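Novice: Got a structure for you, written out below as C-alpha coordinates; questions coming shortly.
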Amino acid sequence: MANDILKLIGLRIRELRKESGLSQEQLGEIVGFHYTYIGAIERAEKNISILNLEKIASALKVGVYELFVYARQKHKQKDKSKDIDKILELLHSLSTDDVKKAKNILSEMFS
(Lines give C-alpha, C1' and ligand atoms only; values in the text may rest on other atoms or scores of the structure.)
Protein backbone atom coordinates (compact mmCIF):
# COMPACT_ATOMS: atom_id res chain seq x y z
CA MET A 1 0.00 0.00 0.00
CA ALA A 2 2.73 2.50 0.94
CA ASN A 3 4.59 1.60 -2.24
CA ASP A 4 1.44 2.31 -4.28
CA ILE A 5 1.47 5.99 -3.29
CA LEU A 6 5.16 6.22 -4.18
CA LYS A 7 4.41 4.72 -7.59
CA LEU A 8 1.52 7.11 -8.22
CA ILE A 9 3.54 10.17 -7.20
CA GLY A 10 6.55 8.99 -9.18
CA LEU A 11 4.43 8.49 -12.29
CA ARG A 12 2.86 11.90 -11.82
CA ILE A 13 6.26 13.58 -11.46
CA ARG A 14 7.44 11.81 -14.63
CA GLU A 15 4.29 12.89 -16.46
CA LEU A 16 4.67 16.55 -15.42
CA ARG A 17 8.40 16.52 -16.15
CA LYS A 18 7.82 15.23 -19.67
CA GLU A 19 5.00 17.73 -20.22
CA SER A 20 7.51 20.43 -19.26
CA GLY A 21 9.99 19.06 -21.78
CA LEU A 22 12.60 18.34 -19.13
CA SER A 23 14.92 15.38 -18.84
CA GLN A 24 15.64 13.86 -15.43
CA GLU A 25 19.04 15.52 -15.55
CA GLN A 26 17.56 18.94 -16.35
CA LEU A 27 14.99 18.65 -13.56
CA GLY A 28 17.71 17.53 -11.18
CA GLU A 29 19.85 20.55 -12.07
CA ILE A 30 16.96 22.96 -11.46
CA VAL A 31 16.08 21.39 -8.12
CA GLY A 32 19.64 20.67 -7.00
CA PHE A 33 19.27 16.87 -6.98
CA HIS A 34 21.27 14.27 -8.86
CA TYR A 35 19.41 12.90 -11.87
CA THR A 36 19.63 9.39 -10.44
CA TYR A 37 17.62 10.60 -7.42
CA ILE A 38 14.93 11.96 -9.77
CA GLY A 39 14.88 8.59 -11.56
CA ALA A 40 14.62 6.73 -8.26
CA ILE A 41 11.67 8.91 -7.23
CA GLU A 42 9.93 8.30 -10.55
CA ARG A 43 10.47 4.54 -10.19
CA ALA A 44 9.18 4.60 -6.57
CA GLU A 45 12.55 3.48 -5.24
CA LYS A 46 12.90 6.45 -2.89
CA ASN A 47 10.52 7.74 -0.24
CA ILE A 48 10.57 11.45 -1.00
CA SER A 49 10.15 14.05 1.74
CA ILE A 50 7.50 16.75 1.63
CA LEU A 51 10.21 19.40 1.35
CA ASN A 52 11.66 17.68 -1.71
CA LEU A 53 8.17 17.31 -3.19
CA GLU A 54 7.77 21.07 -2.84
CA LYS A 55 11.10 21.69 -4.60
CA ILE A 56 10.12 19.43 -7.49
CA ALA A 57 6.65 20.97 -7.76
CA SER A 58 8.20 24.43 -7.84
CA ALA A 59 10.64 23.40 -10.57
CA LEU A 60 7.75 21.95 -12.58
CA LYS A 61 5.79 25.18 -11.98
CA VAL A 62 2.85 23.42 -10.32
CA GLY A 63 1.41 23.38 -6.84
CA VAL A 64 2.37 20.47 -4.60
CA TYR A 65 -1.25 19.27 -4.78
CA GLU A 66 -0.73 18.67 -8.53
CA LEU A 67 1.66 15.87 -7.65
CA PHE A 68 -1.29 14.09 -6.04
CA VAL A 69 -3.62 14.41 -9.05
CA TYR A 70 -3.08 10.92 -10.35
CA ALA A 71 -3.51 9.61 -13.85
CA ARG A 72 -6.83 7.93 -13.05
CA GLN A 73 -8.44 11.30 -12.38
CA LYS A 74 -6.83 12.79 -15.45
CA HIS A 75 -8.13 9.96 -17.63
CA LYS A 76 -11.61 10.45 -16.22
CA GLN A 77 -11.43 14.13 -17.22
CA LYS A 78 -10.26 13.18 -20.72
CA ASP A 79 -13.11 10.67 -21.04
CA LYS A 80 -15.58 13.31 -19.88
CA SER A 81 -14.22 15.80 -22.41
CA LYS A 82 -14.49 13.22 -25.18
CA ASP A 83 -18.10 12.50 -24.22
CA ILE A 84 -18.93 16.21 -24.23
CA ASP A 85 -17.30 16.59 -27.64
CA LYS A 86 -19.37 13.68 -29.01
CA ILE A 87 -22.56 15.21 -27.60
CA LEU A 88 -21.72 18.55 -29.20
CA GLU A 89 -21.04 16.88 -32.55
CA LEU A 90 -24.40 15.17 -32.34
CA LEU A 91 -26.18 18.39 -31.40
CA HIS A 92 -24.54 20.26 -34.28
CA SER A 93 -25.92 17.69 -36.70
CA LEU A 94 -29.50 18.17 -35.45
CA SER A 95 -32.09 20.66 -36.61
CA THR A 96 -32.81 23.72 -34.45
CA ASP A 97 -36.06 22.14 -33.22
CA ASP A 98 -34.30 18.91 -32.24
CA VAL A 99 -31.59 20.86 -30.37
CA LYS A 100 -34.34 22.60 -28.37
CA LYS A 101 -35.92 19.21 -27.61
CA ALA A 102 -32.57 17.85 -26.45
CA LYS A 103 -32.07 20.91 -24.26
CA ASN A 104 -35.51 20.44 -22.70
CA ILE A 105 -34.88 16.73 -22.07
CA LEU A 106 -31.52 17.44 -20.41
CA SER A 107 -33.03 20.24 -18.33
CA GLU A 108 -35.76 17.92 -17.09
CA MET A 109 -33.36 15.09 -16.34
CA PHE A 110 -30.74 17.08 -14.45
CA SER A 111 -32.58 20.01 -12.88
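The values are calculated or read from the model by the stated rules, or taken from the named source; none is laboratory data. Predicted model only: the values in this text are computed from it and were never measured. Cβ sites come from the backbone with ideal geometry, for glycine too, and all protein chains shown count toward neighbours.
Novice: Which residue out of S23, S111, S93 is in contact with a helix residue (DSSP H, G or I) (Cβ under 8 Å, 6 or more places away or on another chain), of a type in the set (S, T, N, Q) and without any contact (Cβ under 8 Å) to a residue 24 or more places away in the chain?
Specialist: So the residue among S23, S111, S93 that is in contact with a helix residue (DSSP H, G or I) (Cβ under 8 Å, 6 or more places away or on another chain), of a type in the set (S, T, N, Q) and without any contact (Cβ under 8 Å) to a residue 24 or more places away in the chain is S23.
Novice: Residues in segment 64-79 that are at pLDDT 75 or above, among the hydrophobic types (A, V, I, L, M, F, W, C) and loosely packed, with under 13 Cβ neighbours inside 10 Å: how many?
Specialist: Counting residues in segment 64-79 that are at pLDDT 75 or above, among the hydrophobic types (A, V, I, L, M, F, W, C) and loosely packed, with under 13 Cβ neighbours inside 10 Å gives 0.
Novice: Test of understanding: among L8, L27, L16, which residue is within 18 Å of G63 (Cα to Cα) and more than 15 Å from the chain's Cα centre (by Cα)?
Specialist: Among L8, L27, L16, only L27 is within 18 Å of G63 (Cα to Cα) and more than 15 Å from the chain's Cα centre (by Cα).
Yes/no per residue for (1) outside any helix (DSSP H, G or I); (2) among the β-branched types (V, I, T); (3) surrounded by fewer than 12 Cβ atoms within 10 Å (Cβ to Cβ):
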residue: L16; (1), (2), (3): no, no, no
residue: I30; (1), (2), (3): no, yes, no
residue: G39; (1), (2), (3): no, no, no
residue: I48; (1), (2), (3): yes, yes, no
residue: E54; (1), (2), (3): no, no, no
residue: S58; (1), (2), (3): no, no, no
residue: V62; (1), (2), (3): yes, yes, no
residue: S81; (1), (2), (3): no, no, yes
